[in-house]
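Following: one structure in structure tokens, then a few remarks.
The values are calculated or read from the model by the stated rules, or taken from the named source; none is laboratory data. Keep in mind that what you see is a predicted model, and the values were worked out from it rather than measured. Cβ atoms come from the backbone with ideal geometry, glycine included; neighbour counts cover every protein chain shown.
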Amino acid sequence: MNTPDFSSQFDEAIDSALGWLADHGEFIFDAANAVLTGVYKAVLWCVAFPPFYVIAALFALLGWRAVGTRFAIVSGLALLFCALIGLWPETVSTLALVLTATILALVVAIPLGVVAGLAPAFDRVVDPCLDLVQTMPPYIYLLPAIALLGYGPATALLATFIVALAPALRLTSLGIRMTPKHFIELGDASGVTGLQMFFKIRLPFAMPSIMAGVNQSLMMAFGMVVIAGIVGSGGLGESIYGAVRTLDIAKSINAAIAIVILTMILDRLAQSAVRSRTGEAQ
């Protein structure tokens, strides 16, 4: 068998497998599409319903409490700038997509990371899978998602979820394993139960690593949102994709600035949470 024959047969096998899944699991994928779209729309309603100046003021207040006065002023003005350039609907749509994907990823990743940190056998199985997820180009996840879920926010949400899952899971597992042995031995000598050992010793030491995983998941989600614009996800990613197709340089630059603003605000807030947890652990 020569290489072209094998390549064509392999491609046909992949297409047949996806076609079989789409035909026999249609009700499952339709339900998943409806659930993901519903969750996304609920989060979008929460961030899009208040006026833009209310959201800007809330982020400024949060920035003041978490980082400082200068960051609060800059973040509030930066969000107002997103509204002034006419990209507020796209900005809140992107924010909703990132928050939804990140929250779903953390709900799955943190418990699995705890299990991986406590069970070395499970960690040996999960670790190669995480390597695969983190080394593959992010847009690859859009292709099977399109085949199974079609175009729309659910496809973008699923692909973003996969990308955001890996760093949170890996850093949670790392944090659980990094608990100093002498503290574990002290807990055993004190006669604490397994739950007490976890919540009073392991979890406090793991929190800085877990929060770093949250930060990395947010950053990965923002990177994926731009790529996901090609599947009709809405938001700033779709604005950039449409502007590139029509050579609208000004609109693409404006959308890129809005993405940078959102990314920097959430990154600084997440970094502040990491620093506070690190201080508590020390």
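For region 43-58, the candidate set comprises residues that are touching a helix residue (DSSP H, G or I) at 6+ places or on another chain (Cβ under 6 Å) and among the β-branched types (Val, Ile, Thr); within that set, the residue that is nearest to Ala258 (Cα to Cα) is Val47. Scan region 133-146 and give yes if some residue there is part of a helix (DSSP H, G or I), in contact with a Phe, Trp or Tyr (Cβ under 9 Å, 6 or more places away or on another chain), at pLDDT 85 or above and β-branched (Val, Ile, Thr), otherwise no. No - not one qualifying residue is present in region 133-146. Quick one: Ser209 ticks every box in (1) free of Cβ contacts under 8 Å to residues at least 40 places away in the same chain; (2) closer than 20 Å to Val67 by Cα; (3) surrounded by fewer than 16 Cβ atoms within 10 Å (Cβ to Cβ) except a single one, so which number is it? Here Ser209 meets the rest and fails (3).
Residue-by-condition table, conditions (1) touching a Ser or Thr at 6+ places or on another chain (Cβ under 8 Å); (2) of a type in the set (A, V, I, L, M, F, W, C):
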| residue | (1), (2) |
| --- | --- |
| Gly194 | no, no |
| Phe199 | no, yes |
| Val214 | yes, yes |
| Met224 | yes, yes |
| Ile240 | yes, yes |
| Arg245 | no, no |
| Asp248 | no, no |
| Thr263 | no, no |
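Comparison of Gly237, Gly242 shows that the only residue that is assigned by TED's automatic domain parsing to the domain that holds Val107, under 18 Å from the mean Cα position of the chain (by Cα) and in a helix (DSSP H, G or I) is Gly237. In summary, Asp127 fulfils each of the numbered conditions (1) crowded, with 23+ Cβ neighbours inside 10 Å; (2) over 22 Å from Ala228 (Cα atoms) with the single exception of condition (1). Counting only residues that are among the β-branched types (Val, Ile, Thr), buried (at least 21 other Cβ atoms within 10 Å of the Cβ) and at pLDDT 85 or above, region 230-263 holds 1 of them. Restricting attention to region 74-114, the residues being over 17 Å from Ala156 (Cβ atoms) and either surrounded by fewer than 18 Cβ atoms within 10 Å (Cβ to Cβ) or not small (Gly, Ala, Ser) (or both) number 18.
Within region 216-228, can one find any residue that is within 25 Å of Leu158 (Cβ to Cβ), polar (S, T, N, Q) and in a helix (DSSP H, G or I)? Yes, the conditions are met somewhere in region 216-228.
Checking each residue in region 115-132 for being in a helix (DSSP H, G or I) and more than 19 Å from the chain's Cα centre (by Cα) picks out Val115, Ala116, Gly117, Leu118, Pro120, Ala121, Phe122, Asp123, Arg124, Val125, Pro128.
Table: residues versus (1) under 21 Å from Ser75 (Cα atoms); (2) touching a Leu at 6+ places or on another chain (Cβ under 8 Å).
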{"site": "Arg170", "(1), (2)": "no, yes"}
{"site": "Glu185", "(1), (2)": "no, no"}
{"site": "Asp188", "(1), (2)": "no, no"}
{"site": "Leu203", "(1), (2)": "no, no"}
{"site": "Ala250", "(1), (2)": "no, no"}
{"site": "Ala258", "(1), (2)": "yes, yes"}
{"site": "Met264", "(1), (2)": "yes, no"}
